[in-house]
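Enquirer: The structure that follows is given in the form of structure tokens.
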Ligand code: KG4
Ligand code: ZN
């Protein structure tokens, strides 16, 4: 039997300091996340300087706890995988410096992981039978993209957003409605009491580039609607606005994902990134995928948003492929898909 491979994952790209130990790329031995959400909430969004400072305070205790809960020592770890982009540069540097120091001191290979690829790989933990090829719809706070995952280490970007990411639109609209950061879960909660058909917001389908997305027009339409109603002195039904906006965003995401399934002939689609925690999106996409003979895989809620399990999982497949990062690896805040 092949030896078990243990990867220590480290993530600090935005406002979660996280570390995890994953066995053979699919089995979670520990998953520690120290969230700064309550700190940034008072400012309405992530304050980069504060994020860096909090990462510095938490990174070593979080790594210690991940090793402890997995009943593993650093000496038993086979590789250290760390997010090196995209994200906030100061935040990324904290995790990256810690990972380099540990890997160097313990004489372990270092693997720099693309955070967006990490989100996709969270699905390997949730579905033990998941194998490429499949389609991935990545919907996070900073990115919205359709990806053809052709192998464990090969991806083809089909299209991405031209402007706002889906999560960014959720966050901005929530902010205008006076809801706390992060806006996605708040809008989802409020929408439960609203009518998704109450207001028809525009859906940009971009016929010239069917795999691309644009959410800035929709976002402006929602904000203009709110301002106009308030100027008229009308009482705005925020639950209807939340439900109608969520309906519009998820319509676009689902229609484009189904078009991509048809075009590629793929039979599996995975959701990735924070917005994949949205139940309406999960349900609509699962239903539409079934109609074209495909099935949906999505992470459990804790693995939808930022975590280090997904980084360790991505790192495992890089490790198996013989990839190694050098000690000069630097943070790349604008890193894209390959
Ligand atoms: O992947 P993630 O944790 O961080 C980035 O890599 O960006 O995604 C965070 C984004 C935020 O915009 C947040 O509002 C959104 O994911 N989000 C949601 C939900 N949970 C988180 N959006 C819609 N519905 C949700 N339930
Ligand atoms: Zn993320």
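Enquirer: Kindly rank 9-22, 243-256 from highest to lowest mean number of other beta carbons found within 10 Å of each residue.
Expert: 9-22, 243-256
Enquirer: Turning to a different aspect of this structure: When the convex hull of the Cα atoms of the stretch 25-64 is projected onto a plane and the area is averaged over all directions, what value comes out in nm²?
Expert: Hull-based average projected area comes out at 3.8 nm².
Enquirer: Per the Cauchy relation, a quarter of the hull surface: what is the mean projected area of the convex hull of the alpha carbons in the stretch 131-300, in nm²?
Expert: That works out to 9.7 nm².
Enquirer: Pairs of Cα atoms under 8 Å, at least six residues apart: use those to get the relative contact order of the chain, whole percent.
Expert: Result for the chain is 25 percent.
Enquirer: Per residue of the chain, what 222 nm ellipticity follows from adding -39500 (n - 2.57) for every DSSP H run with n ≥ 4, rounded to the nearest 500?
Expert: -14000 deg cm²/dmol
Enquirer: In percent, what relative contact order does the stretch 131-300 have, based on Cα pairs under 8 Å that are 6 or more apart in sequence?
Expert: This gives 26 percent for the stretch 131-300.
Enquirer: So what's the stretch 242-338 giving for Cα Rg divided by 2.2 N^0.38 Å, two decimals?
Expert: Working it through for the stretch 242-338, the quotient is 1.32.
Enquirer: Please compute the modelled spin-label separation between residue 227 and residue 101, points set 7 Å along Cα→Cβ, answer in nm with one decimal.
Expert: About 4.7 nm separates the two model spin labels.
Enquirer: If you stretched the chain out fully between residue 321 and residue 235, how much longer would it get, using 0.36 nm times the residue separation minus the C-alpha to C-alpha distance?
Expert: Residue separation times 0.36 nm, minus the Cα-Cα distance, leaves 25.1 nm.
Enquirer: Report for the stretch 56-214 the percent antiparallel among DSSP-assigned beta bridges with both residues inside it, nearest 5.
Expert: 65
Enquirer: Using alpha carbons only, how many degrees (0 to 90, rounded to 10) separate the axis of helix 48-69 from the longest principal axis of the chain?
Expert: Around 50 degrees separate the two axes.
Enquirer: Another question, if that's okay. Percent of Cα-Cα pairs per 5 Å bin, from 0 to the last occupied bin, for the stretch 171-246, please list those.
Expert: 3, 16, 24, 26, 17, 9, 4, 1
Enquirer: Okay, moving on. Residue separation times 0.36 nm, minus the C-alpha to C-alpha distance between residue 26 and residue 251: what's the value?
Expert: Additional length available on full extension: 77.8 nm.
Enquirer: Also: Quick check: the angle from helix 279-291's long axis to the longest principal axis of the chain, C-alpha only, nearest 10 degrees?
Expert: Roughly 90 degrees between the two axes.
Enquirer: I've got another one for you. For the pair residue 176 and residue 207, how long in nm is the line joining their label points, each one 7 Å along Cα→Cβ?
Expert: My value for the distance between the label points is 2.7 nm.
Enquirer: Output the 0 to 90 degree angle, nearest 10, between the alpha-carbon long axis of helix 309-320 and the longest principal axis computed from the alpha carbons of the chain.
Expert: Once rounded, one gets 50 degrees.
Enquirer: If you count, for each residue, the other Cβ atoms within 10 Å and average over each peptide, how do 219-231, 264-276, 288-300 line up from highest to lowest?
Expert: In decreasing order of mean packing, 219-231, 264-276, 288-300 become 264-276, 288-300, 219-231.
Enquirer: Subtract the Cα-Cα distance of residue 73 and residue 216 from 0.36 nm times their separation in residues, and report this length gain in nm to one decimal.
Expert: 46.7 nm
Enquirer: Moving on to the next point. Can you give the convex hull volume per residue for the Cα atoms of the chain, as a whole number of Å³?
Expert: So the per-residue Cα hull volume is 128 Å³.
Only the coordinates and a few stated rules stand behind these numbers; no lab work does. A quick note: this is a predicted structure, and the numbers were derived from the prediction, not measured. Glycine also receives a Cβ, built like all others from the backbone with ideal geometry; neighbour counts cover every protein chain displayed.
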